[in-house]
1. Select from the range B:93-118 the residues that are within 20 Å of residue B:72 (Cα to Cα) and exposed (fewer than 13 other Cβ atoms within 10 Å of the Cβ) and list them in ascending order.
2. Considering only the range B:49-59, I want to know if a residue exists there that is touching a helix residue (DSSP H, G or I) at 6+ places or on another chain (Cβ under 8 Å), modelled with pLDDT of 95 or more, part of a helix (DSSP H, G or I) and within 21 Å of residue B:155 (Cα to Cα).
3. Any idea which residue in the range B:177-192 is surrounded by the most Cβ atoms within 10 Å (Cβ to Cβ), counting only those that are closer than 13 Å to residue B:139 by Cβ and within 8 Å of another protein chain (Cβ to nearest Cβ)?
4. In this structure, is residue A:66 in contact with a strand residue (DSSP E or B) (Cβ under 9 Å, 6 or more places away or on another chain) and crowded, with 17+ Cβ neighbours inside 10 Å?
5. Could you please find all residues in the range B:13-24 being touching a residue at least 24 places away in the same chain (Cβ under 8 Å) and buried (at least 17 other Cβ atoms within 10 Å of the Cβ)?
6. Given the options A:37, A:31, A:27, name the one that is crowded, with 16+ Cβ neighbours inside 10 Å and either more than 8 Å from chain B (Cβ to nearest Cβ) or out of contact with any helix residue (DSSP H, G or I) (no Cβ under 7 Å at 6 or more places or on another chain) (or both).
7. Return the residue satisfying two criteria in turn: it lies in the range A:1-12 and is surrounded by 14 or more Cβ atoms within 10 Å (Cβ to Cβ) and assigned to a helix (DSSP H, G or I), and of such residues it is farthest from the other protein chains (Cβ to nearest Cβ).
8. Taking residue A:57 and the conditions (1) more than 29 Å from residue B:61 (Cβ to Cβ); (2) touching a helix residue (DSSP H, G or I) at 6+ places or on another chain (Cβ under 6 Å); (3) within 8 Å of another protein chain (Cβ to nearest Cβ), which numbered condition does it fall short on, given that it satisfies the others?
């Protein structure tokens with residue numbers, strides 16, 4: 001099982017990622033690049049939290065294989081809303 | 001006594017059930033965040049309400065408080081599993097305190113925004129009213145989870161201290177608390193940072 005030293009290291013790492021996210025938000029990146037960067041960092045943070053804070057790294061692999069693909073699939077399927085969201089803009093009253 | 005075997009090998013049934021809840025709740029938060037993205041992409045007059053000071057600084061403090069509460073929860077679970085009851089109770093108490101601080105900071109921020117005229121259906125900046133609707137909707141759902149978590153940890157702490165429940169209950173409650181933290185890892189950048197203005 002992980003040690004307190006590892007937990008504190010991960011905690012500091014997560015705070016560092018939050019700091020990087022904040023710097024990026026005020027660095028003048030384009031909206032698309034900023035969104036992609038923030039999402040990537042949030043996914044990295046979530047992965048670290050799942051593996052170490054929620055102990056998926058130390059559980060039988062069958063647990064992660066049962067759970068994670070299901071939620072990833074559900075979230076990927078939600079991406080079909082974007083074409084309709086862009087269509088909404090053209091439906092506004094002039 | 002016959003114990004029902006866990007469907008996932010050596011994983012306790014109650015832990016597995018908590019994981020199933022977490023996955024379902026993750027889909028809920030995923031849907032509400034996708035809904036926010038959908039409305040934002042589809043709005044012509046979206047406004048960004050958050051200045052670095054005080055809004056983003058307040059959200060940063062909230063983030064650090066919540067991350068720290070995950071650390072204290074990990075220490076509590078570790079102490080409970082080693083049979084150090086008083087240490088576990090103390091760290092669970094610290095987790096509850098940090099959860100209360102997070103909720104208090106959040107409610108103070110809400111009060112401040114409402115004082116400026118923000119609500120579910122009003123935008124004092126003159127843009128889309130969906131800004132307030134999505135902000136209060138998403139952060140409200142998360143705050144509800146935080147408050148529920150604080151209550152759950154309080155109940156588990158009392159039960160564990162009295163010897164009614166063992167360390168596995170503390171660990172299962174910890175899973176929920178870390179999930180609340182995990183959700184905030186998406187709420188902070190998507191709802192706060194993407195709505196920040198220079």
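1. B:104
2. no
3. Looking at the filtered set, the residue picked out is B:188.
4. Considered against the rule, which asks whether it is in contact with a strand residue (DSSP E or B) (Cβ under 9 Å, 6 or more places away or on another chain) and crowded, with 17+ Cβ neighbours inside 10 Å, residue A:66 comes out as no.
5. B:15, B:18, B:19, B:22
6. Details: A:31 fails: crowded, with 16+ Cβ neighbours inside 10 Å; A:27 fails: crowded, with 16+ Cβ neighbours inside 10 Å.
When all the criteria are applied, what remains is A:37.
7. Once the filter is applied, the top-ranked residue is A:10.
8. (3)
The values are calculated or read from the model by the stated rules, or taken from the named source; none is laboratory data. Given the structure is predicted, the values throughout are model-derived calculations rather than measurements. Note that each Cβ is placed from the backbone with ideal geometry, even for glycine, and that neighbours are counted across all protein chains shown.
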